[in-house]
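Okay, structure first, notes after.
The values are calculated or read from the model by the stated rules, or taken from the named source; none is laboratory data. All of these numbers come straight from a predicted model, not from anything done at the bench. Cβ placement follows ideal geometry from the backbone for every residue including glycine, while neighbour counts extend to all protein chains displayed. With ligands, DNA and RNA removed, areas are computed over all heavy atoms of the protein, side chains included. Shrake-Rupley method; radii C 1.70, N 1.55, O 1.52, S 1.80 Å.
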Amino acid sequence: MSTVRPVTLREATPDDAGTLHGALLALARHTGDEGKVESTPAHLLAHGFGPDAAFEALIAEVDGQFAGMCLSFSSFSTWRGQLGIYVQDLYVDPAFRGLRIGESLLREACVRGHRRGARYLRLSVDRDNVSAQAFYERVGVSHARDEQIHMMRGERFEAFVRDGLAD
């Protein structure tokens, strides 16, 4: 006889900032990038909650225990003329994998985005995170082979801004 473990999804609250940060660290450990995490729970608290929140987060729980999270924010495609959703982080605790929690979190984030007018989903996956790539392909998220993500951060970004301010 199999035991069904009900999964509960809920919006994260400010009290969850530490839990979200712990999940981000676990995700970074999984990809071998823990040393790259610069954020703190205080950053998540300051930027993820309140009237001007930069992101929203969903938490999955099983029997009252943290099982996973999805952190996303709104996006806009000028070419499509459409609102979208960008999933920044999706994490399921290893103890709860196999319960389709990742799919449930991703679907709920998309449903919430759709209610606000989103008509597409974007995300990026670490090049070496083959298991995540397989998961996304399985649920219908395909690799956009015609795009690459580029980034400027840290001192390069600060110098670029300073040059703009000097004008």
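Residues in the stretch 135-155 that are surrounded by fewer than 10 Cβ atoms within 10 Å (Cβ to Cβ) and either more than 17 Å from Tyr86 (Cβ to Cβ) or basic (Lys, Arg) (or both): Arg145, Asp146, Arg153, Gly154, Glu155.
Hey, any hits in the stretch 29-39 for a residue that's in contact (Cβ under 8 Å) with a residue 12 or more places away in the chain and surrounded by 17 or more Cβ atoms within 10 Å (Cβ to Cβ)? No, the stretch 29-39 contains no residue that is in contact (Cβ under 8 Å) with a residue 12 or more places away in the chain and surrounded by 17 or more Cβ atoms within 10 Å (Cβ to Cβ). In the stretch 1-28, the residue that is nearest to Gly84 (Cα to Cα) out of those that are in contact (Cβ under 8 Å) with a residue 24 or more places away in the chain and among the acidic types (Asp, Glu) is Glu11.
Kindly evaluate Val130 against the criterion of being within 22 Å of Leu27 (Cβ to Cβ) and either among the acidic types (Asp, Glu) or open to solvent by 90 Å² or more (accessible area, probe 1.4 Å) (or both).
Values: within 22 Å of Leu27 (Cβ to Cβ): yes; either among the acidic types (Asp, Glu) or open to solvent by 90 Å² or more (accessible area, probe 1.4 Å) (or both): yes.
Yes: the conditions hold for Val130.
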